[in-house]
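Worksheet for the structure shown next.
The values are calculated or read from the model by the stated rules, or taken from the named source; none is laboratory data. None of the values given here were measured: they were computed from a predicted structure. Cβ coordinates were reconstructed from backbone atoms using ideal geometry, including for glycine residues, and neighbour counts include every protein chain displayed. Please note that ligands, DNA and RNA were not included when accessible areas were found on the heavy atoms of the full protein model with its side chains. Shrake-Rupley method; radii C 1.70, N 1.55, O 1.52, S 1.80 Å.
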Amino acid sequence: MSQRAAAPVRDPRGDAAGEPVFELKDVALSLQGNAGPVDILRGITLQVAPGESVALTGPSGSGKSSLLMVMGGLERASSGRVQALGHDLSALHEDALARFRRGRMSIVFQSFHLIPTMTALENVATPLELAGARDAFARAEAELQAVGLGHRLGHYPSQMSGGEQQRVALARASAPRPAILLADEPTGNLDSANGAAIMDLLFGLRDRHGATLVLVTHDPALAARCDRGIALADGRLA
């Protein structure tokens, strides 16, 4: 008697385990410039495995940040297929993309994007509240403690240094326990000491939560800490 193949195991968020976290096939991105269409990405095909850390490297203008934004669904590919956690991002409209990212994917930017009228605790807790977490403030406090900011819970962004603001941004990114962490030059606005500390925290959060990490960087030492490097040149995989 034949046996049916076992269905793939699914994690609590409903995504199949063991499949690639990202799968891109022939992805292109063209944006309209003053002189006409500009090709930003050209024929990108790649996969990223669960729990992998990947550095996107290459010269300025090579398409690194654009590729990260396409992977995060913040920029829509002009052609090709972009799948994240088994979901076809190109088939989702903006509201569906926002719902998909919630709880699954967090993004850390070079500029911190904190809400200036909210304290550190409120900046971290608010996305959790919007997602319906009943323990939003307790989780936010725990994440801020984890990045060494337990003494800054009631401080506003203007009362904190750049390094401290980026720590708040990291706490906000890790609080939902996302399956995916995306980081676009997260140390770009920091001095070398603060940058090194932030990267230690970022990899620590990745290890603690088992997230897949994809980051854009110009720093060879940072890229070397990742499991794999993907180099871009002129919008193509080098």
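The table below lists the values:
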quantity: Rg/Rg_globular for the stretch 184-238, with Rg_globular taken as 2.2 N^0.38 Å and Rg from C-alpha atoms; calculated: 1.20
quantity: Relative contact order %, the chain, counting alpha carbon pairs below 8 Å whose residues are six or more apart; calculated: 27 percent
quantity: Among beta bridges that DSSP assigns inside the stretch 106-238, antiparallel share in %, nearest 5; calculated: 20 percent
quantity: Contour excess over end-to-end distance, with Cα ends at Arg76 and Ala138 and 0.36 nm allotted per residue; calculated: 18.8 nm
quantity: Debye log10 I(q)/I(0) for the stretch 92-186, one point scatterer per Cα, at q = 0.10, 0.17, 0.20, 0.21 Å⁻¹; calculated: -0.24, -0.69, -0.94, -1.03
quantity: Mean Cα-pair separation over length for the stretch 45-173, i.e. relative contact order, pairs under 8 Å, 6 or more apart, %; calculated: 21 percent
quantity: Rg(Cα)/(2.2 N^0.38 Å) for the stretch 15-85, N = residue count; calculated: 1.17
quantity: D (Stokes-Einstein, µm²/s), Kirkwood Cα radius, the stretch 65-143, 1.567 mPa s at 4 °C; calculated: 91 µm²/s
quantity: With every protein chain in place, the chain: carbon and sulfur % of accessible area (1.4 Å); calculated: 50 percent
quantity: Antiparallel bridges, percent of DSSP beta bridges restricted to the chain (to nearest 5); calculated: 55 percent
quantity: Sequence-separation-based contact order of the stretch 139-238, relative, with Cα cut under 8 Å and 6+ spacing, percent; calculated: 24 percent
quantity: Net charge over other residues, Cβ less than 15 angstrom from the Cβ of Val168 (K, R count +1; D, E count -1); calculated: 0
quantity: Approximate spin-label separation His151-Ala98, in nm, with each point projected 7 Å along Cα-to-Cβ; calculated: 3.8 nm
quantity: Alpha-carbon centroid distance for the pair the stretch 41-90 / the stretch 196-232, whole angstrom; calculated: 16 Å
quantity: Farthest positive-ward along the chain dipole, Cα basis, beta-carbon charges - from Ala197, Ser90, Pro186; calculated: Ser90
quantity: Rounded FRET efficiency, nearest 0.05, which uses the C-beta distance separating Asp39 from Ser192 and R0 of 30 Å; calculated: 0.30
quantity: Ordering of 225-236, 118-129, 162-173, 195-206 by packing [mean C-beta count within 10 Å, highest first]; calculated: 162-173, 118-129, 195-206, 225-236
quantity: About the Cα centre, charge dipole magnitude for the chain (Lys/Arg +1, Asp/Glu -1 at Cβ), debye; calculated: 460 debye
quantity: Solvent exposure of the stretch 104-206 as accessible area per residue, Å², 1.4 Å probe; calculated: 41 Å²
